[in-house]
Structures are given as C-alpha cells and as structure tokens.
C-alpha cells in the first residue's frame, strides 16, 4: 500500500470513527463541512421525497453517532419501539388493550430515560434515606461486555446520552397523539425515524410535535430567496449568541465564581448570578437559533422555542416565552392529564405529597417534617370545606406538580427540583398578587419586609438579609404604584408599570437560577450535596456584609464582563418591531452584500473566540473539551461541557 493510500485510509477512518474528544457540534468547523455535504446532496435529490427522507435519516444517524458514539443504539431502540407501538394502537379495538400498549410504549422510553438520567439521583436518595451504601453500576454496559467477551465498556459510571430527553419526549408525544386520534400513525419506518432523529434539533431541541413535523416530510422542497436570508440570519445570530455572549460570560467570570463562591466577594457573586442568567439564555437560544436556521435551509420549519423571555412581566408569562416547546409539552402531556384547572386526580396529590415528605425525610429535621404536615393539613381542610377555593387550589397543585417535574427534567438533583418549585411558587404568588387591590398589596409586602427585617435583626443570617433587601425593593415599587394610582396617574405611567414588572421578574428568575446553575457540571455522586453547598455559599456572600468602598474598583476590574452583560440585555430588550426590521433588511439585501456580511460576521465571531480563549487561558486555564455524554445527574442542557443550550423567536417562515 502506497503512502498516499495509507494517509487516505487513515483520514477516512478518522472521518467516520467516533472521537469522544471531538464530537460533531454546531460550533465546530467540521459540522459546517458536514452540512455543506448534506445540502449539496439534497440539491441532487430535490423533490424526490422518499430518497430525500432516507438520506436525511441516514445523515441524522451519522450525526448522532459522531456526537454520542454507541448511544446510537439507544436512539434506534426508541425509534423502533415508537414505530411499532404507533402502528399497533389504531388496530386494537379494545380500549383496555389500547391503554395497555400505550402505557407499554411510554414505559419503554421512560425506563431508558430513568435509567440513564436518574440512576445516580435515586441511588443517592435511597442511600440517604435508609443509610445504605449502594453504588451505581452500568448494567447495560456490563451486558455489552458479556456479549463482546471483553471489557469494551466502562461499567463504573453511567453517562447521560446527549439529547435523550428531547427524542424520548418526541416519541412519547407521538404515541399519545396517535392514541388520541390527532394524527395517523406513520407507516414508513424511514419517515418515522427521520422525524425522531432529524439532526438540527436532535441534541438541543426544540421538542417537535408529530402533528407539526410529519406533514412537512411529505411535501416537496421549497425555499424562497427571503426564507434563505432568514435562515442564514438565524444561524449567524445563534453563533454570535453562543460564542460571544454565552461563552465569554462563562469562561471569563461565571464558571470561576460558581466553582468556588467563597473566593469571591458578594458583588462578584451577584455579577456571576446575573451574568449566568444571560449566559444560559444565550447558550440555549443560540443553539436553537442555529437549529432553526439549518432546518430552514433544508426546507423544514421547527417551532419557535424562545420569545424574548426576559421581557416577561411575571413568572407565568416567562414560561410562555422560555423553552416554549417544553412548556407546551408539559402542559399537554402532564398538566392536563393531571386534571389541569378542572379537577384533581390521584397523581395530583401523590406527586406533591410524595416529594414533600421525601424531602422532609431526607432533611432529617422535625421542623421541616412538621411544616410539610401542617401545609398538607391546611390544604386538605381548604379543599374539603371551601368549595369556592377548591377548584383554584387543585389547579395550583397541578401547576406546582408540573413545575417540580419540569425542574427534575432539566437535571437529576434536588437543586433542579428546588429551582422548578421556586418557579411554580412564583407563579402562584403572582396569581394571588394579581387578584389583590393595590392597597392590600402595599400593606402585605410592607409587613413581609418588616418581618424579614426583624428576623435579620434578632437572628442575623445572610438569607434573611437577602430577603429583606429584596422585599424592600418590591415594597418601594408597591408604594410608588399606590401613590400614582391614588393620584389617578395610572394611564400616564403604564410604561413604568411594565418596566418595573419586567425588571422584578428578571431579578426573580435570576435568583432561581442560583439553584439551576449550582446543580450543573457536577460529578453525579456528589451532585446533591455539592450543589446545595454552592448555592448556600453564594447566598452567604451575596447576603453577607459588603465593603462598598471596593465595589467601584471591582466593577472596573470586571468592566468587560459588565459591558458584555449590559450590551446583551439591551439587545434582548430592544422592541420586537426594530428586531423584525433588521432581520428583514438582512434577508432581502443583495446576495453579494449578504455574502460579504456573512464573511465579516464569521470573521469577527471567531476573532472574538480566539481572543477570549487566550484571555481565559492566561488567567484561569479555562480550556474545555466536549464529552461524549453527560454523567447521569447533571443537567440535560449540557452540550458544550455544559449542554444547556437555547433561542430567540422564529419568524417569516413563509
């Protein structure tokens, strides 16, 4: 064999082999070469729909293999299980058998998700609850070693396959929709596999419904000049958000502070917390923007997944703007089956009571247990005897169940459940707040502020001080609102009302992220304890005493991080009408000018990345590599050593 042939053979081996250190991600040049090849072949197929779908199915499987290696077998298992169950359901006459096979199909998918994502979490809970010392072992890998006859796979730890929650949720929604008669089952295995594995949204979402996507796979390719421009815009927009906003904030400040909060001041901890709120949005939405743009270039349209979430005026509105595909999925396949706002079911009460008593048992604190017991008794009395409140209380329980389980979906640790519970609590408090008149609001928040002041005065603690400052800010806003309401200036100051609500909601959401971020990037065996300690240490720093004379100096030292954060938030808060104009301006500009703008944008983005990498390396050695999977117990939103990916809104798909 000639030297050239050897080099060529080695190149092909590297091209088609899985490399754990270099997975196929949107932010790598290899992906864009891959995409160029895919688009080139699609041009040959054009409207040969069967060939196009088969080709894209194979490319999607290749993409997932290059991203996750032999976890491809897991994806194929979900595809085959969902396809066969979907074909079977309409043929069954008995409702009992239909329900049984629907449950079986869902159970197969959920058991895989439960095994890979929650094994460490459940083991940790059992060990803490019963004093046992069980350890996690990958039994599937062990079976693979038995079949192979050698130690091919590691059995000492379980890695979470990238994107497992997304494609499993898609498979579940498909089965439920077939069972409900909303969609006919897909007869062709290739078409169904293509729907589940479509590579732009496979590892980072959005979660695509069969009712929205499957009709598209039977339509000929169609892409106007303007649609192409919109697609390119979303790709560039996503790259800029991911590589400039998100990565800069993460590498240069947020990751360092969350790694060890006690090494940094209260001001720096607070800056990291607010910076992370923008970072996680830019990361998640950046990946989703790219996915939507790439899919559009191939003639497919993914649903809008983000709608300027930090413009939300309350926690409920936030969840209508943030990760929209997940919020709607939870609403249709969890909240409504639990009873929605109409009734309570056995599971409505079992979920919230089970989580409450389990948490109190793990806390090993009689005060916690007594509080849970008292709240349970109060709810039981109100639901039983207060008919006027019964319906609303049941709806609130279902909402809280949905948010708690939604938090657990994001990651397998108690911190994620606390994060979900705080968001649910924020929604419930807002509903109560909204139902009260302005005078009652002002009085209530003033009394709460006074209570936290007295607690902090007689029982000094950082958490009491933090809540006192927070409620004092809200009380100030409530008094101002009451005064101009009393003076009949409400209409004139409506804009101020909106701005204040947006700011307060952003601050609330940011502080809930303390628990979200603390649960990420941790070894699963240490996730619960370490995440709680990180959150506690940050509260101690932020709520503890500050040396205000040093704040200007620290602000100047972190001026670049502050500048990036402020710039990102200003862009985010720009009026939607203005954003729409520059999107359309880009999409309709002459092609040579568009090419020039794209080249300049890519050059600037990667220049920024190189400079940022050198800065990080010189100060903290923050170079990071992407793992093949995520250890069970970490956040599902962890791709780029953090697969916590994200998106803005998709428009102009016509």
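Just so you know, all these numbers are worked out from the coordinates, no wet-lab data involved. Nothing here was measured: the structure is a model prediction, and the numbers come from that model. All Cβ positions, glycine included, derive from the backbone under ideal geometry; neighbour counts span all protein chains shown.
Here are the numbers for the structure shown:
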| item | result |
| --- | --- |
| FRET efficiency estimate (nearest 0.05) - Cβ-Cβ, residue 361 to residue 606, R0 56 angstrom | 0.60 |
| Average Cα contact separation per residue, segment 55-163, under 8 Å, 6 or more apart, as relative contact order % | 21 |
| Hypothetical label at residue 345: residues of segment 158-179 whose amide nitrogen lies under 17 Å (7 Å Cα-Cβ projection) | 172-179 |
| Between segment 131-193 and segment 381-438, the alpha-carbon center distance in angstrom | 31 |
| Neighbour-count ranking [beta-carbon atoms within 10 angstrom, fewest first] of 579, 242 | 579, 242 |
| Label-point separation, residue 433 to residue 94 (7 Å along Cα→Cβ), nm | 5.3 |
| Nearest-ten-degree value, helix 72-88 long axis tilted from longest Cα axis of the chain | 90 |
| Approximate spin-label separation residue 320-residue 386, in nm, with each point projected 7 Å along Cα-to-Cβ | 2.6 |
| Entry for volume of the Cα convex hull per residue in Å³ (calculated from the structure that is shown) out of (i) 142; (ii) 202; (iii) 166 | (ii) |
| Between helix 139-148 and the chain: long-axis angle, C-alpha atoms, 0 to 90°, nearest 10 | 20 |
| Order of 414, 367 - criterion: other Cβ atoms within 10 Å of each residue's Cβ, fewest first | 367, 414 |
| Over the chain, relative contact order from alpha-carbon pairs under 8 Å, at least 6 apart, % | 21 |
| Relative contact order %, segment 27-221, counting alpha carbon pairs below 8 Å whose residues are six or more apart | 32 |
| Per-residue Cβ neighbour rank within 10 angstrom, fewest leading, 572, 22 | 22, 572 |
| Difference of contour (0.36 nm per residue) and Cα-Cα distance, residue 550 to residue 111 | 152.8 nm |
| Spin-label proximity, residue 221 to segment 287-317 - amide N less than 12 Å from point 7 Å beyond Cα toward beta carbon | 297-300 |
| For segment 27-221: rounded, prolate or oblate by the Cα gyration tensor [a/c cutoff 1.5] | oblate |
| Förster radius 60 Å - calculated FRET efficiency between residue 142 and residue 495, Cβ distance, rounded to 0.05 | 0.45 |
| Acute angle (nearest 10 degrees) that the helix 559-572 long axis makes with the longest principal axis of the chain, alpha-carbon atoms | 80 |
